[in-house]
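Undergrad: Here's a structure for you.
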Amino acid sequence: MTMALLGLAAGFILVLVILLLVLLKSDVKPLWKLVLVLIASGFYVLQYESLQQYMGWPADDSLPDKFVLIATDVREPNRKTGDVGIMYWWLRDSAGQDQPPRVYRLPYQAELHQKSQQVLQQQQAGSQYVATTMGRSAENAGLVVRFKKISKIRHHKKK
């Protein structure tokens, strides 16, 4: 946990304590006091979970519609341990080229693993690719991503 996140959490807890003290001294019905405290506490949990996305931890969000794959880290499934495997993809959204790359956590798919490795090898050799998410496939119930080789002039322009 970073100091910034710790500070935000402490600040929000302070606000909750002040709310609690104000409610204890007010003439509001006890049921409303409880509802207000529960809502504020629920908002704290939501805020804390939302901040995790900004700490550099992998996002579980959907992939952008168009992106450039920068790097991957893959843990393949292991039948002995029951590990289903996972893929981490670092990518840059084509619509936000001024934004820093973001890491996404994806369930392991052998086909996507193989495609991403091929694309990364060709990118290291000088080729450039843009990826497009196509949603989920009915055949294998997995994410469908199409990689398209582009010229250096058209390097993942905005739509």
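No value in this document is a laboratory result; all are computed from the given coordinates. This one's a predicted model, so the numbers in the text were calculated from it and none came from an experiment. Glycine also receives a Cβ, built like all others from the backbone with ideal geometry; neighbour counts cover every protein chain displayed.
Undergrad: How about K66: which aspartates and glutamates have a C-alpha closer than 15 Å to its C-alpha, ignoring those fewer than 8 places off in the same chain?
TA: Of all the aspartates and glutamates, those that pass the test against K66 - Cα under 15 Å, at least 8 places apart if same chain - are D93, D98.
Undergrad: Counting only residues 5 or more places away or on other chains, whose amide H sits under 5 Å from the amide H of A71 once H atoms are built in the peptide plane?
TA: Excluding prolines and chain starts, which carry no amide H, the hits are W90.
Undergrad: With r as the distance between the Cβ atoms of W32 and R79 and R0 = 41 Å, compute the FRET efficiency 1/(1 + (r/R0)^6) and round to 0.05.
TA: Working: r = 54 Å, r/R0 = 1.33.
Efficiency, rounded to the nearest 0.05: 0.15.
Undergrad: List, in order, the whole-Hz ³J(HN,Hα) value for each residue of region 89-99 obtained from phi through the Karplus relation with A = 6.51, B = -1.76, C = 1.60 and θ = phi - 60°; use x for Gly and Pro.
TA: 3J(HN,Hα) across region 89-99, in whole Hz: 10, 9, 8, 10, 5, 5, 6, x, 5, 7, 7.
Undergrad: Just to be sure I understand, if you calculate Rg/Rh (Cα atoms, Kirkwood Rh) for this structure, which of [x] 0.95; [y] 1.16; [z] 1.32 do you get?
TA: [y]
Undergrad: Are there DSSP H segments in the chain that both extend 24 Å or more along their axis (alpha-carbon positions) and score a mean Kyte-Doolittle hydropathy of at least -1.0? List them, or say none.
TA: Helices passing the filter in the chain: 3-25, 30-52.
Undergrad: Oh, and also: Given the DSSP H assignment, sum -39500 (n - 2.57) over each helix run of at least 4 residues in the chain and divide by its residue total; what's the result at 222 nm in deg cm²/dmol, nearest 500? Spell out each step's value before the answer.
TA: Numbers: 3 runs with 61 residues, N = 159.
Mean residue ellipticity, 222 nm, calculated: -13000 deg cm²/dmol.
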